Amino acid sequence: MNLSSSKNLFFSLSDQIFLTGKKTIKERIFYFINNKKKHQDRIKEIIFEIINGLKKLQSKDIEIKLDFLYAKISLIVDEFFKRLAISFEKNIKRGDFTGFIKNLSSSIMGFFLTAPFISSIKHLYSNRKIFEKLYESLSIDFPERKPKILWFTDTLNDLNGVSSTLKELAWISYKNRLPIKFVTALLEKEIDKSIPPNTILLNFFYSFPLPFYEHYTIKIPSLLDSLEKLIIENPTEIYISTPGPLGLLGIILGKIMNIKVTSIYHTDFVKEANKIVNDEGIISLLIQYERWFYNNSDVVRYQSEDYREILVERGIFSERLKFIPKGIDTEVFRYIPGTKETFHKLYNIPEGINLLYAGRISKDKNVDFLIELHKKLSEKYLNINLIFAGDGPYLKEFKQKTRNSERVYFLGKIKREKLPEIYSAADLFLFPSTTDTFGMVVLEAQACGVPALVTDEGGPKNIILPEETGYTLPINEPNAWISKIEEIISSININNYEWNLKKQKAIENAKKRFKWEIVLQSILLNQ
């Protein structure tokens with residue numbers, strides 16, 4: 001879409017700033033030039049580039065001048081927001097939110113510079129609503145636009161369930177030529193052949209590892225540059241999977257274009273932070289931000305009934321809540337016969353009963369709980385292997401803590417195409433997390449024929465069929481977990497036929513209940 005209207009609005013402002021007779025406004029600009037901070041030095045450079053550039057472009061067409069000014073203003077805005085991002089990174093590490101709020105005021109000029117562009121774009125799209133109402137009053141059908149979804153996510157090539165789900169959905173959308181494009185920002189090392197072609201990669205001006213999740217890098221996208229790139233796509237609806245900087249950009253785009261914004265509640269960051277940070281101030285801020293973010297969406301889609309109640313309790317508008325199903329590609333995640341022997345040789349793991357955990361290695365996943373279970377089981381059984389597949393912020397410390405534990409193995413990060421072999425070699429999947437809204441790894445295990453033992457909190461318990469394809473137990477009853485695992489070991493050793501029947505039912509459970517076709521129908525038809 002042409003941004004001439006927004007640029008014209010701001011060009012008139014720039015004309016006021018840079019005309020030689022306007023001394024007082026020049027003085028305001030040079031307030032920033034005279035500031036000696038490194039951050040302001042860059043702003044000073046850009047301002048001089050604007051002044052000199054506009055002089056050189058005096059004889060050029062106005063569109064060229066507008067494009068030049070838009071690009072330069074975009075750089076200035078990025079510099080102001082970069083300062084805010086640096087402040088956020090430093091202050092959150094120190095727990096000094098007062099300092100962050102103080103620095104927020106110094107970035108107000110960045111918001112001021114974006115206002116003319118955003119308000120004029122919003123005005124243009126408000127006119128569409130007026131015309132729609134006019135057509136409706138005249139009983140005339142308003143010309144429908146072809147549906148097109150822009151799907152925003154801060155994670156697409158990371159080791160987590162959200163990332164793998166979105167990437168799979170993106171590939172399915174691409175192969176089936178569905179009107180869905182995924183919007184994200186990636187580090188250079190994150191860009192590879194696994195990224196679907198229907199992905200829009202945005203430029204970002206700053207990135208930093210998220211405190212307490214060092215393996216996850218936050219990227220701050222260039223606001224005006226991103227808006228120019230995305231408005232051209234002319235979407236009819238916005239989907240958001242993460243409440244980070246990319247999610248915020250999705251909210252902004254939806255608001256200024258007056259189109260529907262749907263957010264998906266994938267991750268309970270509040271509950272995860274509670275287990276890792278244990279700071280009431282941070283938790284309170286997260287709850288407030290979560291409430292603000294999701295209440296600025298038109299629809300909030302949840303993945304389990306438990307979380308509908310949780311979201312309502314946290315102040316999310318109940319009338320906006322709507323269930324969304326999940327899917328899995330059972331052609332990829334399937335049971336592979338005969339892999340157990342190969343697995344033991346490949347990873348130098350002795351034969352025995354394989355208890356598997358897959359996913360992020362972090363404290364909020366209760367991985368320490370599994371070590372305690374294994375210690376007690378090992379007092380009675382000599383052939384119990386506890387296997388961890390995955391990476392995460394707690395991995396290094398966790399490996400150090402378990403260095404003297406026998407028959408505990410760490411496989412590290414496993415490529416997606418290799419995961420079915422790992423699952424197929426397992427006898428039982430253990431997932432003690434209480435913070436997952438769904439639990440994609442539990443579904444992957446089921447699709448590969450692995451019964452699962454999960455907690456009775458969160459989404460994973462809704463994936464299994466209790467007593468048929470798995471079991472649910474409270475996290476605060478370790479003896480119950482040990483008794484159930486002993487019962488399973490006995491079943492495997494004595495009545496392998498019965499256990500194989502459970503494995504087959506797990507595969508059927510994944511195939512029948514978690515089809516991508518159902519998910520896509522729910523999205524495209526707003527069901």
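Per the conditions (1) more than 30 Å from S362 (Cα to Cα); (2) surrounded by fewer than 22 Cβ atoms within 10 Å (Cβ to Cβ), the sole criterion not satisfied by S222 is (2). Within the stretch 458-476, the set of residues being touching a strand residue (DSSP E or B) at 6+ places or on another chain (Cβ under 8 Å) and surrounded by fewer than 17 Cβ atoms within 10 Å (Cβ to Cβ) comprises P466, P474, I475. Report, by residue number, each residue of the stretch 255-273 that is modelled with pLDDT under 90 and assigned to a strand (DSSP E or B). The answer is T267, and nothing else. If the condition is being in a loop (DSSP other than H, G, I, E, B) and within 15 Å of F431 (Cα to Cα), then the stretch 378-390 contributes only G390.
Of the numbered criteria (1) assigned to a helix (DSSP H, G or I); (2) touching a Leu at 6+ places or on another chain (Cβ under 7 Å); (3) under 27 Å from G327 (Cα atoms), the one Y357 fails is (1).
Among the listed residues D391, D368, which satisfies the condition of being of a type in the set (D, E) and crowded, with 16+ Cβ neighbours inside 10 Å? Step through it out loud before you land on a result.
On the way: D368 fails: crowded, with 16+ Cβ neighbours inside 10 Å.
Result: D391 is the single residue among D391, D368 that is of a type in the set (D, E) and crowded, with 16+ Cβ neighbours inside 10 Å.
Taking G327 as the residue in question, decide whether it is out of contact with any Cys (no Cβ under 9 Å at 6 or more places or on another chain), of a type outside the set (D, E), at positive phi and in a loop (DSSP other than H, G, I, E, B). Judged against the criteria, G327 is not a match. The set of residues from the stretch 441-455 being outside any strand (DSSP E or B) and either among the polar types (S, T, N, Q) or surrounded by fewer than 16 Cβ atoms within 10 Å (Cβ to Cβ) (or both) comprises just one member, Q446. When P197 is tested against (1) surrounded by fewer than 18 Cβ atoms within 10 Å (Cβ to Cβ); (2) at pLDDT below 95; (3) part of a loop (DSSP other than H, G, I, E, B), just one condition goes unmet, and that condition is (2).
One residue alone among I492, I523, I518, I507 is farther than 27 Å from L166 by Cβ and surrounded by 12 or more Cβ atoms within 10 Å (Cβ to Cβ), and that residue is I492.
Just to be sure before I move on: is I414 aliphatic (A, V, I, L, M) and in a loop (DSSP other than H, G, I, E, B) in the structure I sent? Lay out the reasoning, then the answer.
Values: aliphatic (A, V, I, L, M): yes; in a loop (DSSP other than H, G, I, E, B): yes.
Here the answer is yes, as I414 does meet what is asked.
The values are calculated or read from the model by the stated rules, or taken from the named source; none is laboratory data. This structure is a prediction, so every number in the text was calculated from the model and none was measured. With ideal geometry, Cβ positions are generated from the backbone for all residues, glycine too; neighbour counts draw on all protein chains shown.
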